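First comes the structure, then the notes that go with it.
The values are calculated or read from the model by the stated rules, or taken from the named source; none is laboratory data. Computed from a predicted structure; not experimentally measured. Cβ placement follows ideal geometry from the backbone for every residue including glycine, while neighbour counts extend to all protein chains displayed.
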Amino acid sequence: MTQATSTFSSASGDGYELQMGRFARVLAPKFLDFLGEQDGGNFLDAGCGTGARSAELLSRGRSAEIVGVDISLAYVEHASQTITDPRARFEEGDLTNLRFADNSFDHTASQLVLMFIPEATKAVNELVRVTKPGGYISAAAWDFQGGLMFMRFVFDAGLTHEISEVS
């Protein structure tokens, strides 16, 4: 039996937008600010989801080409329909087995995806392989080991409110 290369359920781009897209949209500018100025080269958006990071990159006007890759065809289709800038294209792909040649990208970034890949080390090795020498590889991930504290706050807040029967 083949091991799944992602544990994240991906039924629709609209569903993703409601669940994770709102976080990706808030994080994308901060994540890219942290990375600093890009030199205008090509960029691999690894685990692009519905394209929040790609859209932010495009709005900054420095990237010559952005290739977004996600294992979910639903997300790729959503990104392709909502982001029509000719500098960006989106395709279905597995981060543990990228179809690109060695040294294909100037920059590679992954946001909120590596924690859903059981063989994350294999995915990171692929990101290294497809990134040109001197390029950067960056990632941001949920802190699952820390207990996802924001969810704890949601549950604690829910417990502090009295639940009454609705008639």
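List of remarks:
- Residues being over 15 Å from the mean Cα position of the chain (by Cα) and under 19 Å from Gly40 (Cα atoms) - total across segment 89-116: 4
- Residue check for Ala109: among the small types (Gly, Ala, Ser), crowded, with 24+ Cβ neighbours inside 10 Å, in contact (Cβ under 8 Å) with a residue 24 or more places away in the chain and closer than 21 Å to Tyr136 by Cβ: yes
- Among the conditions (1) in a loop (DSSP other than H, G, I, E, B); (2) in contact (Cβ under 8 Å) with a residue 60 or more places away in the chain, Phe43 misses just one, which is (1).
- For segment 73-99, the set of residues classified as within 20 Å of Pro118 (Cα to Cα) and at pLDDT 95 or above consists of Glu92, Gly93, Asp94, Leu95, Thr96, Asn97, Leu98, Arg99, listed by residue number.
- Checking Arg62 against (1) of a type in the set (Lys, Arg); (2) in a helix (DSSP H, G or I); (3) at pLDDT below 85, the condition it does not meet: (2)
- Flag for Gly51 being out of contact with any His (no Cβ under 7 Å at 6 or more places or on another chain) and at positive phi: yes
- Residue check for Arg129: assigned to a helix (DSSP H, G or I) and either in contact with a Gly (Cβ under 6 Å, 6 or more places away or on another chain) or farther than 22 Å from Ala28 by Cα (or both): yes
- For the residues Arg129, Arg152, the requirement of being at pLDDT below 90 and surrounded by 10 or more Cβ atoms within 10 Å (Cβ to Cβ) singles out Arg152.
- Of all the residues in segment 1-53, those that are at pLDDT below 80 and either within 10 Å of the chain's Cα centre (by Cα) or farther than 20 Å from Ala64 by Cα (or both) number 27.
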